[in-house]
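A short write-up of the structure that comes next.
The values are calculated or read from the model by the stated rules, or taken from the named source; none is laboratory data. If you're wondering where the values come from, they're calculated on a predicted model, not measured in any experiment. All Cβ positions, even for glycine, are placed from backbone atoms using ideal geometry, and neighbour counts span all protein chains on display.
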Amino acid sequence: MASTINPQAGPSQQEIARMQQQVAIEAQKRGITPQEFQMQQRRALEEEAQKAGLPLDQYINKIKKQAWEQHQMQQRMAAQQQQNGQVAQSGQPQVQGGQGQQVPITPGAPDPKALALAKWLRGQDLKTRTCILNGQRKDMFKIKRALRALQSPAYITAQKKNPLLPKPPTTPQEAGETFKLLPLSLLALRVSKMDPHEGHNHAKAPKRVKGLWTVKIEQQQDISEMLHYVWLYDGPQWRMKLYAAGALLAIMTVVMFPLWPIKLRLGVWYLSMAFLGLVGLFFVMAIFRLILFCITVVSMPRGFWLYPNLFEDVGFFDSFRPVWAWQEEKGKKTKKPKKSGGDEKTDSGKGKKGMQGNDTAAQAPAATATGVERVKKAHAAPRVEEVDE
């Protein structure tokens, strides 16, 4: 690193020789002599001093003073960091140690025990949910479920089969110490909910997807049952590698289409023409049914739809069932046929009240049996009818 010249004292002989050597190297790179290079530097300094409105000597002294102050500040910061014993950079996540001390999380190769633990926990049912971290979808889980899984008999069985797994914990405190291997190896980190549009001054905030959190990584990686952690370990990547190999194979197959056999190329051409014909037939049918509906709306009481469920949110085959239907009238309900009432009996032993009741029932118009009426009849109080002797 090049030394900084103290503006209060002149440069030493070593510094002058070093600067002359640097000037000669820079001039050689540009293909000019050192004197010409110094003249170019001086003209550039004169232009900058003229822009700043200062004489050349004052401008050079100002630059030297700023460089010296920056050098002194860097030395003070380095001494302070060395005195405080700061190992991690500012803002780097830290996890709480066994005696309450904050242990900084340093990037590097993960611990083999932590990898084995993450791989086993990934296969457990932690009831993960999807969240957004730095614009990417990640799996988030509550730490209490991970602690329960570590104290389950399934972990004891897995640890016997895989010696890389840590010793099975017997208490919640030991389970927390075992779980700390994940944040220390950057396999899972504690996160908290945040507003992605905070400070953007939107006139109208975009609609948020329900249940999809946007999270941020917390600096203090505490261990508590109600805290949320996000997986940074995605597990074995064999599936993604398989998908990538399949996509590459498909692309290469399409690119090498001119090398295909003539029969195979001819078959692909016929299939593509058939597909285009089906798409064109679909558009023709959609336009024809719309024209037919417009004609029937004007000439008939109701409009006539061909394939009424064609654009509905149903399955493929249900889109073509039924074949036709009339447009439903709004505000009118479909009436059901009247059921025959063969259970009515004449009550002649009740006198005038019974006769008046029967006459009223006989003269009343038959009402359509709706679902509400059937419910009322089912819960109506029973009646006792007298039979003529």
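Mind listing just one residue for me: the one in the range 223-253 that is modelled with pLDDT under 90 and more than 21 Å from the chain's Cα centre (by Cα) and, of those, farthest from Ala146 (Cα to Cα)? This residue is Lys241.
One line per residue, one yes/no per condition, for (1) within 17 Å of Val95 (Cβ to Cβ); (2) modelled with pLDDT of 85 or more:
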{"site": "Arg148", "(1), (2)": "no, yes"}
{"site": "Ala154", "(1), (2)": "no, yes"}
{"site": "Gln159", "(1), (2)": "no, yes"}
{"site": "Leu187", "(1), (2)": "yes, yes"}
{"site": "Glu198", "(1), (2)": "no, no"}
{"site": "Gln221", "(1), (2)": "yes, no"}
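Entry remark, the range 225-267: residues being of a type in the set (Gly, Ala, Ser) and assigned to a loop (DSSP other than H, G, I, E, B) number 1 in total. Residue pairs whose Cβ atoms lie under 9 Å apart, sitting 6 or more positions apart in sequence or on different chains, and linking a residue in the range 307-322 that is over 17 Å from Phe293 (Cβ atoms) to a partner that is among the aliphatic types (A, V, I, L, M) and at pLDDT below 85, are Arg321/Val314. Contact map, the range 108-131: residues that are outside any loop (DSSP other than H, G, I, E, B) paired with residues that are among the basic types (Lys, Arg), Cβ distance under 7 Å, separation 6+ or inter-chain. Pairs shown: Thr130/Arg137; Cys131/Lys138. Here the condition is being of a type in the set (A, V, I, L, M), within 25 Å of Asp139 (Cα to Cα) and surrounded by fewer than 12 Cβ atoms within 10 Å (Cβ to Cβ); of Ala250, Ala244, it holds for Ala244 alone. Selection of first residues in the range 15-31 that are outside the structural domain of Arg42 (by TED's automatic domain parsing) and of second residues that are surrounded by 11 or more Cβ atoms within 10 Å (Cβ to Cβ), restricted to Cβ pairs under 6 Å at least 6 apart or on distinct chains, gives an empty result.
Going through (1) at pLDDT 65 or above; (2) touching a strand residue (DSSP E or B) at 6+ places or on another chain (Cβ under 6 Å); (3) farther than 29 Å from Asn162 by Cα one by one, Gln136 falls short only on (2).
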